[in-house]
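Trainee: First, the structure itself, so that you have it in front of you.
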Amino acid sequence: MVEPILEIQGVRKTYPARRSLFGRSAAVDALKGVSLAVTPGESFGLVGESGSGKTTLTRSILRLEAPTAGRILFKGEDMARLGPKALRTLRARIQIVFQDPYASLNPRMTVEEIVSEPMLVHRDILRLDRAGRRDRAAELLALVGLSTQHLARNPHEFSGGQRQRIGIARALAAGPELLLLDEPTSALDVSVQAQVLNLLIDLQDRLGLTYLFISHDLAVVRYLCDRVALIHSGVLVEEGPTREIFDAPQSDYARMLLGAAPKVRVPPATPSG
Amino acid sequence: MSKLADPIAATAAGPVRREKLARALFRFRQSRLSLLGAAIVALVLFFALLGSVLAPYPDDVRGSVSTAARFLAPSAAHPFGTNEVGQDVLSLTMAGTTVSVLAGFGVVIIGSLLGTLVGAVAGFAGGLVDEALMRFTDLVLTIPSLILAMAIAAALGPGFENMVLAISLSWWPGYARLVRGEVLAAREEVYVTAARAIGASPARVLFRHILPNCLSPIIVKMSLDMGFAILTVAGLGFIGIGVRPPTPEWGTLLSTARSYMPDYWWTAMAPGMAMFLAVFGFNLLGDGLRDVLDPRGRR
Ligand SMILES: Nc1ncnc2c1ncn2[C@@H]1O[C@H](COP(=O)(O)OP(=O)(O)OP(=O)(O)O)[C@@H](O)[C@H]1O
Ligand SMILES: [Mg+2]
């Protein structure tokens, strides 16, 4: 069996109760013991309703948040044990694309600055000088379907789809192996969604990336993912190959999610009028 | 050799930057009051630079006294009359711009730097550091600034630098609170999370991603504060702490004029009007800048 690139073992995350002007907010158990394994090169789908803990899981994987309990292993290495330097190196290998392309790009930076920042932060690994970074930024833009003349612009001059491409270019800049995609297309127009999804598929083929793809759009997951896990209020309800889950859902939650999704039926091969 | 890659930037960055600037200028120009503010500020800065050179009676600025010309009412030769020692009030006021505006600038710059540093560290670090810094800020804020400045100036002794330092030390808490709030809000932005996810160091996150996005309200506040800083400088001069005569300064001029009110009212006219104009101008400019830089704050 192939060693998983990412292994999540019994991860719990509790956001502590907070006092505020309007009284106390109760502690939130965002993740209640989640375990899953992602193998290299695959697209792993994570599906769940709003508030089920999907973003919390990505934040825990990136160690922007320390899990309350459990372990997260990247290529067999426990991320909690890494020192600051090793953690920084690791952040070149796991990257994330955010849901909202309007919020995820610093409005005060140019596209070139945004896309080259990972190369600057990881210059000890990538060893690129100024000109090298500029060349690679141009290369990355071309890779995501933008052109060099966009380098000097600011994010607000781009459409949502273009911004998401910039976000993807930034995520690729340090040469990651694992890409966390946190609903990367849900903020986009339907027509643009397809373009961005195809770009993602194309990039995976070309660069041999592993995807952890989060969505609540089941049609998209079915299209893109090899395996799926369903998460419901911090608990994995079902997990398996995409085909199996879609053809024979085991849990009520799965049936509910599938039922709520718009039916995309392939019409039978009969001539239509 | 790396210059070879530059044509891209030259062709793309130029027009874009210029266009953005043009748009901002357009918005600024749409408001007559902001333009008026900018014009007044330009005038004030002009006199701050050249006031003592352009003064019609440069000798009076240097402290020469002519008892024969005491308390002359406004006339063609002395548009704002003369004071108790026969000096031309207009000349003194023009020359006084330098000290008042310089002091105002000094106060606003030192105050905003100090305050930004304290507020940024507090908001970014959070927890105990935040708690301690903000309690201290609140403490300073509860002391009326003029009284604190007086106390500091009294302790340090009179003089231009001490006065600026004294006012600055009572001035920074406003900036600290403003910047802390801005940093707290900006810290939660997705692009800040993105920077952390990239592996950027805390210093990089703060100085490259958070602070640049807090700059607009700081600049607006600096411009709005300029007027009040000039007033405070004059206030210290009025009470007699601050710049020593014969260096002309608006507050000191007003304070002397007060003893001869209402008979010799003209001695207070020029410095009073100058102060009013400067405060008014900087406030209008600040409002205009806010509309351009910080549209959220628009009414
Ligand atoms: N910083 C936080 N402090 C307290 N509670 C939080 C915090 N972040 C998330 N939560 C709570 O944790 C739960 C899971 O949130 P999360 O953002 O992971 O959901 P999600 O599955 O990503 O939802 P969505 O599909 O809407 O993005 C929610 O109940 C949320 O309110
Ligand atoms: Mg989410």
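Trainee: Can you compute 3J(HN,Hα) from phi for each residue in the stretch A:25-35, using the Karplus curve 6.51 cos²θ - 1.76 cosθ + 1.60 with θ = phi - 60°, rounded to whole Hz and x for Gly and Pro?
Mentor: Along the stretch A:25-35, the couplings run 9, 5, 5, 10, 8, 7, 10, 10, x, 9, 10 Hz.
Trainee: Counting Lys and Arg as +1 and Asp and Glu as -1, what is the net charge of the other residues whose Cβ lies under 13 Å from the Cβ of B:Ala268?
Mentor: Residues close to B:Ala268 contribute a combined charge of -1.
Trainee: Give me the number: length gained by fully extending A:Arg19 to A:Thr39, i.e. 0.36 nm times residue separation minus the C-alpha to C-alpha distance, one decimal in nm.
Mentor: Between A:Arg19 and A:Thr39, full extension yields an extra 3.1 nm.
Trainee: Contact order normalised by length for chain A, with contacts defined as Cα pairs under 8 Å and 6 or more residues apart; what percent is it?
Mentor: Once divided by the residue count of chain A, the mean separation gives 24 percent.
Trainee: Going by alpha carbons, how many degrees (0 to 90, nearest 10) lie between the helix axis of B:266-293 and the longest principal axis of chain B?
Mentor: Around 10 degrees separate the two axes.
Trainee: Further question on the same structure: Suppose accessible area is computed on protein heavy atoms with a 1.4 Å probe; arrange B:Arg180, A:Arg163, B:Arg258 from highest to lowest.
Mentor: Numbers: B:Arg180 65, A:Arg163 25, B:Arg258 155 Å².
The ordering from most to least exposed comes out as B:Arg258, B:Arg180, A:Arg163.
Trainee: Can you give the relative contact order of chain B as a percent, counting alpha carbon pairs under 8 Å and 6+ residues apart? Present the calculation step by step, with values, prior to reporting the outcome.
Mentor: Values: 454 pairs, mean separation 74.7, N = 299.
Dividing the mean separation by the residue count of chain B yields 25 percent.
Trainee: Okay, moving on. With a 1.4 Å probe and all protein chains kept in place, how much accessible area does A:Tyr211 have, in Å² rounded to the nearest 10?
Mentor: For A:Tyr211, the solvent-accessible surface is approximately 0 Å².
Trainee: Taking Cα centroids, how far is the stretch A:30-91 from the stretch B:35-99 in Å?
Mentor: So the two Cα centres are separated by 71 Å.
Trainee: Please report the antiparallel percentage of DSSP beta bridges with both residues in the stretch A:70-217, rounded to the nearest 5.
Mentor: Working: 2 of 11 bridges.
Roughly 20 percent of the beta bridges in the stretch A:70-217 run antiparallel, per DSSP.
Trainee: With the Cα gyration tensor of chain B in hand, convert its eigenvalues to equivalent ellipsoid semi-axes via √(5λ) and list them largest first in whole Å. It would help to have the intermediate numbers written out before the result.
Mentor: Values: eigenvalues 361, 129, 49 Å².
Equivalent-ellipsoid dimensions as semi-axes: 43, 25, 16 Å.
Trainee: Here's another thing I want to ask about it. Could you check what % of the DSSP bridge pairs in the protein assembly as shown are antiparallel, to the nearest 5?
Mentor: DSSP beta bridges in the protein assembly as shown are roughly 55 percent antiparallel.
Trainee: Given 25 °C and 0.890 mPa s, compute D for the stretch B:51-143 with the Stokes-Einstein relation, Rh being the Kirkwood radius over Cα pairs; round to the nearest whole µm²/s.
Mentor: It diffuses with D of about 148 µm²/s by this estimate.
Trainee: Using the 2.2 N^0.38 Å rule of thumb for compact globular proteins, work out how chain A stacks up: its C-alpha Rg over that value, please. Intermediate values should be presented prior to the final figure.
Mentor: Numbers: Rg = 19.6 Å, N = 273, 2.2 N^0.38 = 18.5 Å.
Dividing the Cα Rg of chain A by 2.2 N^0.38 Å gives 1.06.
Trainee: So what are the protein assembly as shown's ellipsoid semi-axes, whole angstrom, largest first, if each one is the square root of 5 times an eigenvalue of the alpha-carbon gyration tensor?
Mentor: One finds semi-axes of 63, 26, 21 Å for the protein assembly as shown.
Trainee: Does the stretch A:100-176 classify as rounded, prolate or oblate by the C-alpha gyration tensor (a ≥ b ≥ c root eigenvalues; a/c under 1.5 gives rounded; else a/b over b/c gives prolate, otherwise oblate)?
Mentor: prolate
Trainee: May I have the count of lysine pairs in the protein assembly as shown with C-alpha atoms under 30 Å apart, counting pairs 8 or more residues apart or located on different chains?
Mentor: 13
Trainee: Per q in 0.09, 0.14 1/Å, what log10 I(q)/I(0) does a Debye calculation on the alpha-carbon atoms of the stretch B:116-274 return?
Mentor: Summing over Cα pairs of the stretch B:116-274 leads to -0.43, -0.79.
Trainee: Net charge within 11 Å of A:Val192 by Cβ-Cβ distance, Lys/Arg positive one each and Asp/Glu negative one each, not counting A:Val192 itself?
Mentor: Details: positive: A:Arg163, A:Arg165; negative: A:Asp189.
Result for the local shell: +1.
Trainee: Also: Normalised by the residues of the stretch B:154-248, what does the relative contact order come to in percent, with Cα pairs under 8 Å and at least six apart?
Mentor: In percent, rounded to a whole number, it is 49.
Trainee: Starting from the 7 Å offset along Cα-to-Cβ, what nm value, one decimal, do you get for the label separation of A:Leu258 and A:Ala27?
Mentor: The two pseudo-label positions are separated by 3.7 nm.
Trainee: Sticking with this one: If B:Leu141, B:Leu285 are ordered by their accessible area, calculated over protein heavy atoms with a 1.4 Å probe, which sequence runs from highest to lowest?
Mentor: B:Leu141, B:Leu285
Trainee: Can I ask one more? Let me know the volume per residue of the alpha-carbon convex hull for the stretch A:173-228, in Å³. Each step should come with its number before you reach the end.
Mentor: Working: hull volume 4.9 nm³, N = 56.
So the per-residue Cα hull volume is 88 Å³.
Trainee: Leaving out ligands and nucleic acids, note down the accessible area per residue over the protein assembly as shown with a 1.4 angstrom probe, in whole Å².
Mentor: 48
Trainee: Would you pull out the residues with amide H under 5 Å of A:Val228's amide H, same chain only if 5 or more places away, H placed 1.01 Å from N?
Mentor: A:Gly45, A:Gly240, A:Thr242
Trainee: Kyte-Doolittle mean at least 0.5 and Cα extent at least 30 Å along the axis: which DSSP H helices of chain A qualify?
Mentor: none
Trainee: Whenever you get a sec, line up B:His78, A:His232 from highest to lowest accessible area (probe 1.4 Å, protein heavy atoms).
Mentor: Output order, biggest surface exposure first: A:His232, B:His78.
Trainee: What figure, in Å² to the nearest 10, do you get for the accessible area of B:Met150 with a 1.4 Å probe and non-protein molecules left out?
Mentor: Number for this one is 70 Å².
Trainee: Would you calculate a helix-derived [θ] at 222 nm for chain B, using -39,500 (n - 2.57) for each DSSP H run of n ≥ 4 and dividing by the full residue count, to the nearest 500? Intermediate results must be reported in sequence, preceding the final value.
Mentor: Working: 11 runs with 215 residues, N = 299.
Mean residue ellipticity at 222 nm (helix-derived): -24500 deg cm²/dmol.
The values are calculated or read from the model by the stated rules, or taken from the named source; none is laboratory data. Everything numeric here is computed off the predicted structure, so don't read it as measured data. Quick reminder, even Gly has a Cβ in these numbers, built from the backbone with ideal geometry, and neighbours come from all protein chains shown. For the accessible areas, the whole protein counts, side chains as well, though only heavy atoms, and no ligand, DNA or RNA atoms are used. Shrake-Rupley method; radii C 1.70, N 1.55, O 1.52, S 1.80 Å.
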